[in-house]
Amino acid sequence: MPGFELFGDKEREQVQDVLDSGVLMRYGFDGMRNGHWKAKELETALAKVMRTQHVHLVSSGTAALTVALASAGIGAGDEVIMPTFTFVASFESILALGAIPVLVDVDDTLTLDPSAVEKAITPKTKVIMPVHMCGSMADLDALQQICKKHNLLLLEDACQAIGGGYHGKPLGSIGDLGCFSFDYVKTITCGEGGAVITNNEAYYQNAHKYSDHGHDHIGNDRGAEGHPFLGYNFRISELNAAVGVAQLARLDEFIGIQKRNYTILREALATIPEVTFRRVPSGGEENYSFLSFFLPSEAVTQKVHQALGKNGIDACFYWYNNNWHYYRKWAHLTHLTSLGKLPKDVIEGLPDYTQADFTKSDKWVGRTISCLIKLGWSEKEMEARSRIIKSTIFECLK
Ligand SMILES: *Cc1c(COP(=O)(O)O)cnc(C)c1O
């Protein structure tokens, strides 16, 4: 998955442009910049790739989620539905606005289960936030229908799914708002960075202002700008954007390599009757950044995961016992451990996460192994890896 694996002269050239002009900020300093507007350039390029009207870059994927929610007017007391299998950024961005994260089960797509979503809706629900984890997507048709029926916003967290598609449209471009991360381990990296995409002019206008202290960005002189509302600083720097300009140009190449390596592993594992694969909703096209599969029981899955490690296979993850992506290992989340006191209203509005029952999610995630697909692996290396993974699974199933 990571763009940092294939990193070189193109990125260096772009960054050098910025260093030569000396303007590291995306706004202002028009006279000094020698025509370099890397953030704008990357926004234009990403809008083309995503086939959306508006793209606004920010400092991270977490910032993108926060800005997207804020730009749609989400705030105190609003409920946002998010999955149990995600990155903790989903929870953080919702809570940062005083809104209420409502955790909901995932199904065999390893993303939001539409029937569980429907059950979680209350009069306070404002947003459904599917997270397209590990390169594959939620059942967006079903979620869109639910949104329509209950008048809710659909916000796609596509941070791990750039390059994937759904009924011919790029992931991230299907909901009212879509978010991407360009941190160091994502398919495309800026070092740090993120993006909000939308076809909604009002959300876009809010997003660029909110992420820069509420500045309206009208005119050339920053000192004369108005502040229509309070914002924050979620700006991306020109240096980070410059790296992204070079990386985004290579997206198709990256996805192509991922698809080749993914297919080699998938074909090897498909010959094992006990192995089943994560369900990809019909019409969906993964970005092939991970291959995720199910084993018959939690015990076997634990055994396979351990044996893979012993046999020298890194980068195959058992999220159920790993503290990156599953609510089960997030005691700081379930216990709301925060540095300062959280606002009283927020605390009162939150469900008791320690009492939640996510046995349906456990049933799937407890049997899942996700193997990262690296860009740096040659066909030969991938074949060798696949043979070891396959024989390890066979051994454990005996
Ligand atoms: C990485 C990631 C984020 C956050 O992105 P950062 O750029 O690291 O802040 C959010 N959601 C998901 C699913 C991610 O994988």
Requested in this report: Considering only protein heavy atoms, with the full assembly of protein chains and a 1.4 angstrom probe, order ASP139, ASP107, ASP252 by accessible area, largest first.
Outcome: ASP252, ASP139, ASP107
Query - Dipole of the chain [Lys/Arg +1, Asp/Glu -1 at C-beta], most positive-end residue of THR354, SER211, THR62 - result: THR354
Report summary line: Taking Cα atoms, the helix 140-150 axis meets the longest principal axis of the chain at an angle in degrees (rounded to 10) of 60 degrees
Requested in this report: Quick one: which residues, 5 or more positions from ARG278 or on another chain, have an amide H under 5 Å from its amide H? H modelled 1.01 Å from N in the peptide plane, none for Pro or chain starts.
Outcome: SER292, PHE293, PHE294
Report task. Quote the charge dipole size of the chain about the Cα centre in Debye, to the nearest 20; the model charges only the Cβ of Lys and Arg (+1) and of Asp and Glu (-1). Result -> 760 debye
Query raised in the report: Where in the stretch 374-396 is the amide nitrogen less than 16 Å from a point lying 7 Å along the Cα-to-Cβ axis of ILE272?
Result: 383-396
**Report entry** Cα long-axis angle, helix 201-210 against the chain (0 to 90 degrees, to the nearest 10)
**Finding:** 80 degrees
Report task. Using only Cα positions of the stretch 26-97, each an equal point scatterer, no hydration layer, compute I(q)/I(0) via Debye at q = 0.12, 0.14, 0.17, 0.22 Å⁻¹ and quote the log10 values to two decimals. Result -> -0.47, -0.60, -0.79, -1.01
Requested in this report: Quick one: among PRO130, PRO170, PRO273, which has the greatest mean-square fluctuation in a GNM of the chain with alpha-carbon springs under 10 angstrom?
Outcome: PRO273
Query raised in the report: How far is helix 61-71 tilted, in degrees, relative to the longest principal axis of the Cα atoms in the chain, given as a value from 0 to 90 rounded to the nearest 10?
Result: 60 degrees
Query - Convex hull (Cα only) mean projected area of the chain, reported in nm² to one decimal - result: 20.0 nm²
Query raised in the report: What cysteines in the chain have no other cysteine with a beta carbon less than 4.7 Å from their beta carbon?
Result: CYS134, CYS147, CYS159, CYS179, CYS190, CYS396
Query - GLU201/SER21 FRET efficiency (R0 35 Å; Cβ-Cβ; nearest 0.05) - result: 0.70
Requested in this report: Work out Dmax and Rg for the stretch 140-229 from the C-alpha atoms and quote the Rg first, both in angstrom.
Outcome: 15.9, 47
Query raised in the report: Just the Cα atoms of the stretch 98-195: what Rg and Dmax do they give in Å?
Result: 13.5, 40
Query raised in the report: Among VAL102, ALA72, MET82, which residue has its Cα positioned farthest towards the positive end of the charge dipole of the stretch 59-126, with +1 placed on the Cβ of Lys and Arg, -1 on the Cβ of Asp and Glu, and the dipole taken about the Cα centre?
Result: ALA72
Query raised in the report: Which value, to two decimals, describes the C-alpha radius of gyration of the stretch 98-138 once divided by 2.2 N^0.38 Å?
Result: 1.19
Query raised in the report: Between ASP212 and residues 5 or more places away or on another chain, which pairs have amide H atoms under 5 Å apart, with H built 1.01 Å from N, and which residues are they?
Result: TYR232, PHE234
Report summary line: The farthest towards the positive end of the charge dipole of the chain, of the residues ALA202, ALA116, TYR232, given +1 on Cβ of Lys and Arg and -1 on Cβ of Asp and Glu, is ALA116
Query raised in the report: In debye, nearest 20: dipole of the stretch 257-398 around its Cα centre with unit charges on the Cβ of K, R (+) and D, E (-)?
Result: 300 debye
Query raised in the report: What base-10 log of the normalised intensity I(q)/I(0) is obtained for the stretch 252-397 from the Debye formula, alpha carbons as equal point scatterers, at q = 0.12, 0.16, 0.19 Å⁻¹?
Result: -0.60, -0.90, -1.12
Query raised in the report: Where is the GNM fluctuation largest for the chain (alpha-carbon springs, 10 angstrom cutoff): TYR232, TYR320, TYR210?
Result: TYR232
Query - Antiparallel %, DSSP beta bridges [both residues in the chain], to 5 - result: 65 percent
Query raised in the report: Heavy-atom accessible area per residue, the stretch 252-397, 1.4 Å probe: how many Å²?
Result: 51 Å²
Requested in this report: For the stretch 3-250, compute the number of Lys pairs whose alpha carbons are separated by less than 16 Å, excluding pairs fewer than 8 positions apart on the same chain.
Outcome: 11
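The values are calculated or read from the model by the stated rules, or taken from the named source; none is laboratory data. Small disclaimer: the values here were computed from a predicted structure and weren't measured. All Cβ positions, glycine included, derive from the backbone under ideal geometry; neighbour counts span all protein chains shown. Only protein heavy atoms, including side chains, enter the accessible area calculation; ligands, DNA and RNA are left aside. Shrake-Rupley method; radii C 1.70, N 1.55, O 1.52, S 1.80 Å.
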